[in-house]
Amino acid sequence: MYTLDTELATVKIEINQMECINAMSGKSFPYSVTVNYKKGKDKEFTTLEGCGEYITNYRLHDIWALEELNGVKVSKDDFGKELPYIEINSSKNTFMGTSGCNRITGKLFSERERIRFINIASTEMLCTKGNEKEQEFTKALESTISYTIDNNRLTFLNPDKTLLVFKKVD
């Protein structure tokens, strides 16, 4: 909830994380938004209601190659086929990439410095090497709740520790 109070107007904005269907387009949004305002000496508030969505940080929109997993530097040899990477599409809140051998895809929810990877799907190829690291990588993605971006590095964290560090690759 946000409140602004000046001599010219009072504005109250309430944002609730709950599905909202736009009455005109039928499109679904993750937030319902209510704005109450009154001008100057008006006694009554005018109420506006609608739907909204949080715009994901555009700096996430890129291809990121894994550098560290649970505090340990990694190399291609740790995973067998290739070094894991993710490509984040911030406008669609989706990601895709590889966990080293298997392809991964899913959705993300991001708001301010928070991020969650959801609906993670993976192929199930027989990987001769790196299976344990792939599982560790996927578990780290699932455990992520926040991020930082600094010096072309994307770091995923949870309250306990730094989980993943990626380097921007394009």
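Annotations for the structure displayed:
- Some residue of segment 98-116 being surrounded by 14 or more Cβ atoms within 10 Å (Cβ to Cβ), of a type in the set (Asp, Glu), under 13 Å from the mean Cα position of the chain (by Cα) and closer than 22 Å to ASP62 by Cβ: yes
- Only one of the numbered conditions (1) touching a residue at least 60 places away in the same chain (Cβ under 8 Å); (2) under 29 Å from THR3 (Cα atoms) is violated by LEU60, and that is (2).
- If you go through segment 27-43 and keep only what is within 19 Å of LEU4 (Cα to Cα) and either open to solvent by 50 Å² or more (accessible area, probe 1.4 Å) or of a type outside the set (Gly, Ala, Ser) (or both), you end up with VAL33, THR34, VAL35, ASN36, TYR37, LYS38, LYS39, LYS41, ASP42, LYS43.
- The residue pairs whose first member lies in segment 147-167 and is under 17 Å from THR56 (Cβ atoms) and in contact (Cβ under 8 Å) with a residue 60 or more places away in the chain, whose second member is polar (S, T, N, Q) and part of a strand (DSSP E or B), and whose beta carbons are closer than 9 Å, counting only pairs six or more residues apart or on different chains, are TYR147/SER110; TYR147/THR155; ILE149/THR155; LEU154/THR148; PHE166/THR155.
- Within the set THR56, THR46, the sole residue that is open to solvent by less than 70 Å² (accessible area, probe 1.4 Å), within 30 Å of THR10 (Cα to Cα) and within 17 Å of the chain's Cα centre (by Cα) turns out to be THR56.
- Pairing each residue of segment 1-25 that is within 14 Å of LYS39 (Cα to Cα) and part of a loop (DSSP other than H, G, I, E, B) with any residue that is at pLDDT below 95 and open to solvent by 80 Å² or more (accessible area, probe 1.4 Å), provided the two are 6+ apart or on different chains, yields C-beta distances under 9 Å for LEU8/LYS39.
- Leading residue by the ranking (farthest from the chain's Cα centre (by Cα)) among those in segment 12-21 that are open to solvent by less than 100 Å² (accessible area, probe 1.4 Å) and not basic (Lys, Arg): ILE13
- Residues that are among the polar types (S, T, N, Q) and over 24 Å from the mean Cα position of the chain (by Cα), drawn from segment 59-92: SER75
- For first residues located in segment 132-145 and closer than 14 Å to PRO159 by Cα, partners that are open to solvent by 60 Å² or more (accessible area, probe 1.4 Å) and β-branched (Val, Ile, Thr) and lie 6+ apart or on another chain with Cβ distances below 9 Å form the pairs GLU142/ILE118.
- Here MET24 clears all of (1) modelled with pLDDT under 95; (2) closer than 20 Å to PHE156 by Cα; (3) open to solvent by 60 Å² or more (accessible area, probe 1.4 Å) except the condition numbered (2).
- Scan of segment 126-161 for residues that are surrounded by fewer than 11 Cβ atoms within 10 Å (Cβ to Cβ) and either farther than 17 Å from VAL72 by Cα or over 21 Å from the mean Cα position of the chain (by Cα) (or both), ordered by number: LEU126, THR128, GLU132, ASP150, ASN151, PRO159
- Some residue of segment 79-93 being at pLDDT 95 or above, buried (at least 16 other Cβ atoms within 10 Å of the Cβ), within 30 Å of LEU4 (Cα to Cα) and not hydroxyl-bearing (Ser, Thr, Tyr): no
The values are calculated or read from the model by the stated rules, or taken from the named source; none is laboratory data. Keep in mind that this is a model prediction, so the values were computed, not measured. Note that we place each Cβ from the backbone using ideal geometry, even for glycine, and neighbour counts take in every protein chain shown. Remember, those area values only see protein heavy atoms, side chains included, never the ligands or the DNA or RNA. Shrake-Rupley method; radii C 1.70, N 1.55, O 1.52, S 1.80 Å.
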